[in-house]
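*Asks:* The structure that follows is given in the form of structure tokens.
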There are 2 protein chains.
Amino acid sequence: PRPVRAPRGNTLHCNGWHQEAALRMLCNNLDPETGEKPDELIVYGGTGKAARNWACFDALVLSLLNLENDETLLVQSGKPVGIVKTYPTAPRVLIANANLVPAWATWDYFHELEAKGLIMFGQMTAGSWIYIGTQGILQGTYETFAALAEKHFGGSLAGKITVTGGLGGMGGAQPLAITMNDGVAICVEVDRQRIQRRLDTRYLDVMVDDLNQAIAMARQAAAAKKPISIGLLGNCAEVLPEMVSMGFVPDVVTDQTSAHDELNGYVPAGIPYDEALSLRKKDPKRYIDMAMDSMAVHCRAILDMMQRGAVAFDYGNNLRGQALKRGVHNAFDFPGFVPAYIRPLFCEGEGPFRWAALSGDPQDIVVTDHALMEAFPEKTRMVRWLQMAEARVAHMGLPARICWLGYGERDKAGKIFNDLVRKGAVKAPLVIGRDHLDCGSVASPNRETEAMRDGSDAIADWPVLNALVNTASGASWVSFHHGGGVGIGYALHAGQVTVADGTDEGEVRVTTVLRNDPAMGIIRHADAGYNRAIEVAQERGVKIPMMPSQEKGRP
Amino acid sequence: PRPVRAPRGNTLHCNGWHQEAALRMLCNNLDPETGEKPDELIVYGGTGKAARNWACFDALVLSLLNLENDETLLVQSGKPVGIVKTYPTAPRVLIANANLVPAWATWDYFHELEAKGLIMFGQMTAGSWIYIGTQGILQGTYETFAALAEKHFGGSLAGKITVTGGLGGMGGAQPLAITMNDGVAICVEVDRQRIQRRLDTRYLDVMVDDLNQAIAMARQAAAAKKPISIGLLGNCAEVLPEMVSMGFVPDVVTDQTSAHDELNGYVPAGIPYDEALSLRKKDPKRYIDMAMDSMAVHCRAILDMMQRGAVAFDYGNNLRGQALKRGVHNAFDFPGFVPAYIRPLFCEGEGPFRWAALSGDPQDIVVTDHALMEAFPEKTRMVRWLQMAEARVAHMGLPARICWLGYGERDKAGKIFNDLVRKGAVKAPLVIGRDHLDCGSVASPNRETEAMRDGSDAIADWPVLNALVNTASGASWVSFHHGGGVGIGYALHAGQVTVADGTDEGEVRVTTVLRNDPAMGIIRHADAGYNRAIEVAQERGVKIPMMPSQEKGRP
Ligand SMILES: NC(=O)c1ccc[n+]([C@@H]2O[C@H](COP(=O)([O-])OP(=O)(O)OC[C@H]3O[C@@H](n4cnc5c(N)ncnc54)[C@H](O)[C@@H]3O)[C@@H](O)[C@H]2O)c1
Ligand SMILES: NC(=O)c1ccc[n+]([C@@H]2O[C@H](COP(=O)([O-])OP(=O)(O)OC[C@H]3O[C@@H](n4cnc5c(N)ncnc54)[C@H](O)[C@@H]3O)[C@@H](O)[C@H]2O)c1
């Protein structure tokens, strides 16, 4: 354990910018400003790690420092296992985290292997070295609540109260995303430090520890159509049922506790928080039992609220799956956020486009923000987001930004960024990557691929092809993970990160990767029969050998 | 359904030899000489297919015919789903077959998806277009029995009787592999046509349908130390228990019925063969139930034989796994063939190296055989194999050959082959590939990665990295499959095929792929702590950042 901080500036420590970027982003994931528990190498999402252990971290750093420009480093669950000679145009790093043969793909077995030091849980951007703090998820959350506001409340959350749980690495984005949409948020969180942290970074407005007070504040603000976010200290499995029995029904209810992990994530009710923490170590079996019970109670309260008129949706943490296991037969009565709000965007190849300034200078991000606003003035939601982000989002670690871009837009943005580096408009290369949660990169039947039109939810050929395509296209590094937000057994997904280094070669790489990566989203959704994806493929020239025909009345 | 045959000769139908090779090898997989049930697109191993359906086959052919030299075709479970622009040096085809999110990875769910037309079982070389008929497996089987003979019988099977089951696509290699090692084989097979087919291709010497006659013939031959292979018409689950109760104990017992697939593979006992076939369609549940029972009986008979002194081993068809499910608690008392005989080879990076002559001219294979014998005179077992193969193995489909080569040898052989093409010593390019069963390409806890020294049997990061490395190294096509010989849920594996087209670029591709692909085997086994792999890495310069130290007294 030691504090880690990414090098800044325009001086290379490695033999090239692709390795250098990997090195800086690995370190950035563990920056105390960015990661959740850097001393344990945990970046976010329960136990999502950047390296298997500190010895592996050191070996990764050394490997990257020495890696030649025609070599490729192989990383197996956070451990550097080999270096092979490839080509200058090939990826510099290839990463596989937490993958298990399906019949052995359970948390129990994973934990056994983890205890033996053989495997690591990489979440999505933790083990793939492109976590950029809570801003990363803030933008996705902003998009989701904006889409929800459009669908249910005429475009704004003003005067509407949202109840949610969890202010962790990803869930901590919710209060600000809601107030950015002019809404009122009550965020239930069991860990006082997490609440304090969100206050410190201005993602959250106030902390209270009394339910009645929280409700009163929320109602008052909603009546005045004033945005406010309230951090309520408590356990969801206690607070939400209490709300129900008090007759308090929010307008929107969702959750981002780490329900995907019943041992190291979700905190059971009926026991003080610090006792729960020690029970976790002392008697993990009993802990899991209590956590599973609590999740069932928690999920039932959400169902009750929905019954009474709240808009309920699952925010990708597998709470419904866990509750179903515990006998809540109707757990899946409320939809996942993807089919409800995100899939229409996926059919356009829209997805997370994030970048970081390797210079370390926040001004470089301002330059890129403005370049995008200029290039895509018609994308008003994106423009509004970029303006608000610049005004309200504090950088964590290396200055970074994210917005959602579609097929045809991402490669255009990549070229613009490479030109900015070439011209010296920014002080060092930019690194462009994304979450694994994208249109063509993930198979996750309880989240990204829930309720696919053709029933192909569980088919995982797609993320495999995505990883292979990004490798063939020359991304700087490519990753393939099992697990992630919904936990072991429930998802497979791929990611890519590519450096815009201002060279001609950099332009080819960045535009090729950023064209082919979202093309997988168009291909995947067209193959599943989504009319809009078929249309986009035809309009924008994505080659699909057996192009399906559109069917009337379908999305 | 129509007869398919690969084009021959030195004239391109596609825009380049990489596409052309993919096209020819796809067609070759369905050549009536090569595949098991070409009309149903089934190549081997139960339902291992080359394309999802005939419409997909036609679209694959068309896509390959038109594919540009900087494009990459994406194949999802036997269907061409997209074409993206990459680079001339990138793979021309990327393939993912039968992959499922782990929690959904069961045969039942797979069959549901298959019935909806969404997925295809690709086995290993069926869906990756590099099946070369039974010769492919003949060589591996030869190596296995040779290793067994060395370990247990002083180097020869002369005078020893082996009992095995299954004369299908892969199992059909057993009789010839055993007689090539001078042994006596009784091969129990329920389908008369399969036996006839092996007689026709000279893999099998005689067919009998009476157990007593088979045993008498076998005993006589063994006494005279004469090799002979006997195809015995019958069901293993009846014949083997009968052998036991007769007091007949062979020297060696194993099995290659398609036990991995309890519906479309294994044939239950206690019912005539043709009735079993119609039961399969009429009442699949009942069929499965009977098949599972039979497998338990079959496995118990093998255990009994072992108890009485036979050398028993599992030949990679998951019979033990199925029997365990049916209550045979000691099913895993006999070892898999990999830990018993193959792993020591894997630690040298040894594995299947196969090639086909795209000219269609068998003389091209003679030329390559001799080139290898000249280049590796010290590899006496290989030399002996190549001589016997040339004399006794009938080509099926495109002329092809296989031998096992280690790290450092495969890339050398690749260069030799590319030079032969360049010089015009062969009449058209050669295509070099392999089975997915290789040293660094598979995670399969009941077969290739059974009983790994560090307990990492089920970790699947390795095949993922292998697929990514082969893509980054510029293989002509790369595939990643779920299932294969041990069935859905039990294995993940990767394959590559690369064309030696006689150009400088071809030399770079072939040598890079054939160096990095087996390097994964050295890396994987060194990481697991095998002394020999660590040694090989050090001797032959495989870069391993956290090189483990050797421990005394371990393999
Ligand atoms: N878009 C998405 O797909 C998406 C986005 C965000 C989060 N998620 C999922 O949401 C979950 C949260 O992610 P994270 O990174 O914030 O995890 P995290 O572990 O960093 O934070 C979880 C938080 O929940 C709190 N918590 C746990 N149990 C609680 C309980 N019973 N009551 C109140 N608070 C409780 C914890 O104290 C912690 O602060 C994960 O499962 C993640 O995968 C998915
Ligand atoms: N090296 C390896 O890893 C390896 C090698 C060869 C085969 N295998 C495995 O072995 C199995 C066989 O492969 P294949 O390609 O030959 O399959 P296949 O389906 O082509 O042939 C199986 C044969 O077994 C026969 N059979 C089925 N049930 C029987 C029974 N009860 N008694 C007698 N005969 C029976 C069938 O009629 C058929 O001819 C597969 O599970 C395969 O994956 C593994």
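Throughout, read-outs are computed from the coordinates displayed, never taken from laboratory work. Computed from a predicted model, the values in this text were never measured in an experiment. Glycine also receives a Cβ, built like all others from the backbone with ideal geometry; neighbour counts cover every protein chain displayed.
*Asks:* Cross-link candidates for A:LYS543: which lysines have Cα within less than 16 Å, leaving aside residues fewer than 8 places away along the same chain?
*Replies:* Result set, ordered by chain and number: B:LYS79, B:LYS85.
*Asks:* Okay, moving on. Which value, to two decimals, describes the C-alpha radius of gyration of the stretch A:134-334 once divided by 2.2 N^0.38 Å?
*Replies:* Compactness ratio reported: 0.95.
*Asks:* Please order A:SER359, B:SER229 by the number of other Cβ within 10 Å, starting at the fewest.
*Replies:* With the sparsest Cβ surroundings first, the list reads A:SER359, B:SER229.
*Asks:* Then there's this: List B:TYR315, A:TYR273 from most exposed to least, where exposure is judged by having the fewest other Cβ atoms within 10 Å.
*Replies:* Starting with the residue having the fewest Cβ neighbours, the order is A:TYR273, B:TYR315.
*Asks:* Follow-up. Which lysines, on any chain, are close to A:LYS160 with Cα under 30 Å apart, when same-chain ones fewer than 8 places away are left out?
*Replies:* Correct list for A:LYS160: A:LYS151, A:LYS225, A:LYS226, A:LYS379.
*Asks:* So, one more: Distance between Cα centroids, the stretch B:8-70 to the stretch B:390-450: provide it in whole Å.
*Replies:* About 19 Å separates the Cα centre of the stretch B:8-70 from the one of the stretch B:390-450.
*Asks:* Grab the DSSP H runs of chain B that are 4 residues or longer, score each as -39,500 (n - 2.57), total them, divide by all residues and round the 222 nm result to the nearest 500 deg cm²/dmol.
*Replies:* -13000 deg cm²/dmol
*Asks:* Let me ask you something else. Extension gain B:ARG202-B:GLU275, at 0.36 nm per residue separation less the Cα-Cα distance, in nm?
*Replies:* Gain in length upon complete extension: 23.3 nm.
*Asks:* Can you list, shortest first in nanometers, how far A:TYR273 lies from the same residue in the other copies, with each label 7 Å from Cα toward Cβ?
*Replies:* 7.1
*Asks:* Antiparallel as a % of all DSSP beta bridges within chain B, to the nearest 5?
*Replies:* Of those bridges, close to 50 percent are antiparallel.
*Asks:* Compute the distance in nm between two label points, each set 7 Å from the Cα along the Cα-to-Cβ direction, one at B:VAL508 and one at B:GLU378.
*Replies:* 3.1 nm
*Asks:* A follow-up question, please. What is the helix-to-structure angle for A:284-307, meaning the angle in degrees between its Cα long axis and the longest Cα principal axis of chain A, kept from 0 to 90 and rounded to the nearest 10?
*Replies:* 70 degrees
*Asks:* Would you mind giving the mean number of other chain beta-carbons within 10 Å of the Cβ of each residue in B:540-552, as a whole number?
*Replies:* 4
*Asks:* Set the Förster radius R0 to 56 Å, insert the Cβ-Cβ distance between B:ASN69 and A:ARG8 as r into 1/(1 + (r/R0)^6), and round the FRET efficiency to 0.05.
*Replies:* Rounded to the nearest 0.05, the efficiency is 0.85.
*Asks:* Assuming R0 = 25 Å, can you tell me the calculated FRET efficiency for the pair A:THR106 and A:ASP58, based on Cβ-Cβ distance, to the nearest 0.05?
*Replies:* Between A:THR106 and A:ASP58 the formula returns 0.20.
*Asks:* A further question follows. For each of B:TYR131, B:TYR287, A:TYR44, A:TYR341, count neighbouring Cβ atoms within 10 Å of the residue's Cβ, then give the residues from fewest to most.
*Replies:* Taking fewest neighbouring Cβ atoms as first place, the list is A:TYR341, B:TYR287, A:TYR44, B:TYR131.
*Asks:* While we're here: To the nearest whole number, what is the average tally of beta carbon atoms from other chains within 10 Å of the beta carbons of peptide A:73-81?
*Replies:* Rounded to a whole number, the mean comes out at 6.
*Asks:* Right, here's the next one. Would you please classify the overall shape of the stretch B:17-115 from the alpha carbon gyration tensor, given that a ≥ b ≥ c denote the square roots of the eigenvalues, rounded means a/c under 1.5, and beyond that prolate means a/b larger than b/c while oblate covers the rest?
*Replies:* Cα axes put the stretch B:17-115 in the oblate bin.
*Asks:* In nm, give the distance between the simple-model label positions of A:ASP293 and B:ALA451, each being 7 Å from the Cα along the Cα-to-Cβ direction.
*Replies:* Simple spin-label model gives 4.4 nm for this pair.
*Asks:* Within 10 Å, count the other beta carbons around each residue, average over each peptide in A:323-333, B:417-427, and list them highest first.
*Replies:* B:417-427, A:323-333
*Asks:* Within the protein assembly as shown, what percent of beta bridges assigned by DSSP are antiparallel, to the nearest 5?
*Replies:* 55 percent
*Asks:* Per-residue Cβ counts within 10 Å, from other chains only, averaged over B:340-349: what number is that?
*Replies:* Taking all residues of B:340-349 together, the mean is 0.
*Asks:* In nm, to one decimal, how far is the A:LYS85 label point from the A:GLN307 one, both placed 7 Å along Cα→Cβ?
*Replies:* 6.9 nm
*Asks:* Tell me whether chain B comes out rounded, prolate or oblate; compute the Cα gyration tensor, take square roots of the eigenvalues as a ≥ b ≥ c, and use a/c under 1.5 as the rounded threshold.
*Replies:* rounded
*Asks:* Compute the Cα gyration tensor for the protein assembly as shown, then decide on rounded, prolate or oblate, letting a ≥ b ≥ c be the square roots of its eigenvalues: rounded whenever a/c is under 1.5, prolate when a/b is larger than b/c in the other cases, and oblate in all that remain.
*Replies:* prolate
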